[in-house]
Amino acid sequence: MIILPQDWEYYIEQLNSPLPEILDEIERATYWKTTYPQMLSGKIQASILYFLVKMIRPANILEVGTFTGYATVAMADAMPVNSKLVTLDKNPHNLVIAQSFINKFRRSDDIEIIEGNALDFLEHDARTFDFIFLDADKENYPLYFDLLKEKLNPGGLWVTDNVLWNGKVVNPGNDREAQSIALFNDKVKNDHDLEKVVLPVRDGLMLIRFRD
Ligand SMILES: C[S@@+](CC[C@H](N)C(=O)[O-])C[C@H]1O[C@@H](n2cnc3c(N)ncnc32)[C@H](O)[C@@H]1O
């Protein structure tokens, strides 16, 4: 994890465009009510997602891994008026928290929360998307690669979190999650249909799009 000094982080957060205030409430609730609050995207990553959605102007967004709805709200706040966002999570406890905040959020009618295993959903749902954010079970990243490549529209953008896995992808050893993420990274690297760039932000964000 790339951790910036706290005062740098605060300085950057003040420079970035303001995010919806409800994100602070979600962050606080995540720290009180969940076991692994560090899974939350955080302000800087939320600002990057917000900015990318503003640039791409997607008609629809898919998020794999809702958790407490933090990135969900950041992306939905940035999407154009008629756009829709679908977010998937298998953990009902997380989704109760996410739903409670999304109900209060101005774009709640444009957000569809689906509870269940994302892999099952992706195998059976025919929809395709202009913007995808993958942030779920790392050990299945290679499977997500195959499924999500089929879901990404030409001209769209696919953002994947944790592609550095605290640097362990360099030498994964016996770490199963690091092995899977390294395999995902190799699949992306060797796929000549795709353009890609890694932003060394936090735990590594990879941006992927179809080559023109
Ligand atoms: C890192 S958190 C997501 C963080 C969130 N995107 C954010 O920005 O705050 C990962 C989430 O993926 C969910 N998850 C893990 N494996 C899953 C699966 N196979 N299907 C659906 N959700 C899954 C977990 O329950 C967890 O809430």
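Quick notes on this one:
- Computed 3J(HN,Hα) for the stretch 101-110, one whole-Hz value per residue from the Karplus formula 6.51 cos²θ - 1.76 cosθ + 1.60 where θ = phi - 60°, is 7, 4, 4, 8, 8, 4, 9, 4, 5, 9, glycine and proline marked x.
- Over 25 Å (Cα to Cα) - which of LYS43/LYS104; LYS149/LYS189; LYS33/LYS196; LYS43/LYS84; LYS33/LYS187 fall in this group: LYS33/LYS196; LYS33/LYS187
- Computed from backbone phi, the HN-Hα couplings of the stretch 132-137 come to 10, 10, 9, 7, 10, 4 Hz, rounded to whole numbers (Karplus: 6.51 cos²θ - 1.76 cosθ + 1.60, θ = phi - 60°; Gly and Pro given as x).
- Whole-Hz Karplus values for the stretch 89-97 come out as 7, 9, 9, x, 4, 4, 6, 4, 5 Hz, taken residue by residue from phi with 6.51 cos²θ - 1.76 cosθ + 1.60 and θ = phi - 60°; glycine and proline positions read x.
- Taking the stretch 6-210 and dividing mean pair separation by its residue count, relative contact order in percent (alpha carbons under 8 Å, at least six apart): 16
- Ordering of 193-199, 171-177 by burial proxy (mean other Cβ atoms within 10 Å per residue, highest first): 193-199, 171-177
- Here is the size of the chain from its Cα atoms: Rg then Dmax, 16.3, 46 Å.
- Cut-off under 5 Å, modelled amide H: who pairs with PHE129 long-range: LEU152, ASN153
- Helix-only mean residue ellipticity at 222 nm for the chain, each DSSP H run of n ≥ 4 adding -39500 (n - 2.57), per residue, nearest 500: -12500 deg cm²/dmol
Throughout, read-outs are computed from the coordinates displayed, never taken from laboratory work. Model, not experiment: these values are computed from the prediction. Methodologically, a virtual Cβ is constructed for each residue, glycine included, from the backbone with ideal geometry; neighbour enumeration extends over all protein chains shown.
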